[in-house]
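Visitor: I have a structure here, written as structure tokens, and I will follow up with some questions on it.
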Ligand SMILES: [Mn+2]
């Protein structure tokens, strides 16, 4: 495929906004359809490098908008490397806490240096700022008026017009990390070798791509090409370590409680875990996922009271005959407006039952016994077993 603009799209180093974006899309289509797409250095990398060279000696603030995640962390590291090759000193700053355990693990295991914004942070020394992996160029802080947006690179649909010296937005990429990997791949400063720094950046970018593409399920050609390149430098053990940090301590605790309180009936395992904080509610589903590994168990249901507001439960099954959606709808039925309390698809389902008036009960222990008895009896009824609610786990 030929670029509509022919060759005129070459090398104006500093280009703005949409025109650059359009050119990138064309250039990446071009290389998609040619088998030797790397012969010609695409305009993206050359333009970025020319710009970085032109401001050599300046100071750059690389901003992570929103929560730090693998994609924006990896992208920022890559930009920092590119900037350094061009004689630009930079810092990476984030404004929100690194909340997710996996991201904390990423930063810790890779020994990544990020600054968290605080009141005393001196931004007056920065000449430029950059934003990666964000839909807008607005920052939660006010930078000095002289500090210009140098580079903006992202893969989302932009919100509003982005005015930067270099703007590269590719909605046809599954991740920003893949775009940065492409810059590294095409850079005139060679990204190669096995130094700790190269390994760190490549591993972070690979993790960013995997994380944003849902393990390559939503990956595009750009992500695949980037991964092929990065695979030469990635530390596979480290990558495994970062992504294996998938059970937060809180979920682990919840799983332990669920195991203690398990109630096995044939191929079913039920477990009521008691009161769970609102922020830990994802743990219920993760814990059900884990319990399903138990031999002889085909269906797991874990439930608890979340945020003292509603009973929240997760069902996981590997049974070929149990339909989670139908099963849960049968068990819990509908509220007075005709909405079902539960539902699901394929191999998983969930339910939510508001505590309503009973939320104000002052004796939580008693309330839990009541809830557990009611829920368990519904389950037993459904699977046709006799029996009292198991004594395991009574009491909150
Ligand atoms: Mn992203």
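The values are calculated or read from the model by the stated rules, or taken from the named source; none is laboratory data. Note that the structure is predicted; figures quoted are calculated from it, not measured. Cβ coordinates were reconstructed from backbone atoms using ideal geometry, including for glycine residues, and neighbour counts include every protein chain displayed.
Visitor: Filter region 50-65 down to the residues that are away from the ligand (no atom under 16 Å from the Cβ) and buried (at least 22 other Cβ atoms within 10 Å of the Cβ), then identify the one that is nearest to residue 114 (Cα to Cα). Full working, then the answer.
Guide: Our first condition is that a residue be away from the ligand (no atom under 16 Å from the Cβ); within region 50-65, this holds for 50-61.
Of the ones still in play, those that are also buried (at least 22 other Cβ atoms within 10 Å of the Cβ) are 52, 60-61.
Numbers: 52: 21, 60: 14, 61: 11 Å.
Once the filter is applied, the top-ranked residue is 61.
Visitor: Please state which one of 209, 257, 222, 179 is under 19 Å from residue 76 (Cα atoms) and more than 18 Å from the chain's Cα centre (by Cα). Walk me through it before giving the result.
Guide: Working: 209 fails: more than 18 Å from the chain's Cα centre (by Cα); 257 fails: under 19 Å from residue 76 (Cα atoms); 179 fails: more than 18 Å from the chain's Cα centre (by Cα).
After ruling out the rest, the residue left standing is 222.
Visitor: Which of the residues that make up region 66-83 are more than 15 Å from the ligand (Cβ to nearest atom) and touching a strand residue (DSSP E or B) at 6+ places or on another chain (Cβ under 7 Å)?
Guide: Of region 66-83, the ones more than 15 Å from the ligand (Cβ to nearest atom) are 80-83.
Once the filter is applied, which keeps residues that are more than 15 Å from the ligand (Cβ to nearest atom) and touching a strand residue (DSSP E or B) at 6+ places or on another chain (Cβ under 7 Å), region 66-83 yields 80, 83.
Visitor: Output the number of the condition that residue 111 fails; it satisfies all remaining conditions of (1) on the phi > 0 side of the Ramachandran plot; (2) at pLDDT 95 or above.
Guide: (2)
Visitor: Where in region 184-283 are there helices (runs of 4 or more DSSP H), lying wholly inside it, with at least 3 residues that are within 16 Å of the ligand (Cβ to nearest atom) and at pLDDT 95 or above? Lay out the reasoning, then the answer.
Guide: Numbers: elements: 196-212, 221-230, 236-244, 249-260.
Helices (runs of 4 or more DSSP H) meeting the threshold: 196-212, 221-230.
Visitor: When region 157-178 is examined, which residues are found to be surrounded by 14 or more Cβ atoms within 10 Å (Cβ to Cβ) and within 12 Å of the ligand (Cβ to nearest atom)?
Guide: 169, 170, 173, 174, 175, 176, 177, 178
Visitor: Among 214, 154, 223, which is the only one that is free of Cβ contacts under 8 Å to residues at least 60 places away in the same chain and touching a strand residue (DSSP E or B) at 6+ places or on another chain (Cβ under 6 Å)?
Guide: 154
Visitor: Filter region 147-156 down to residues that are part of a loop (DSSP other than H, G, I, E, B) and within 16 Å of the ligand (Cβ to nearest atom) and give me whichever is modelled with the lowest pLDDT. If you could, list the steps in order and put the result at the bottom.
Guide: Quick first cut of region 147-156, residues part of a loop (DSSP other than H, G, I, E, B) only: 147, 155-156.
Now restrict to residues that are within 16 Å of the ligand (Cβ to nearest atom): 155-156.
On the way: 155: 93, 156: 88.
The residue in question is 156.
Visitor: Moving on to the next point. State whether the residues of region 293-309 include one that is out of contact with any strand residue (DSSP E or B) (no Cβ under 9 Å at 6 or more places or on another chain) and under 20 Å from residue 257 (Cα atoms).
Guide: Going through region 293-309, the residues out of contact with any strand residue (DSSP E or B) (no Cβ under 9 Å at 6 or more places or on another chain) turn out to be 293, 295.
Pick out the ones that are also under 20 Å from residue 257 (Cα atoms) and you get 293, 295.
Checking region 293-309: at least one residue is out of contact with any strand residue (DSSP E or B) (no Cβ under 9 Å at 6 or more places or on another chain) and under 20 Å from residue 257 (Cα atoms).
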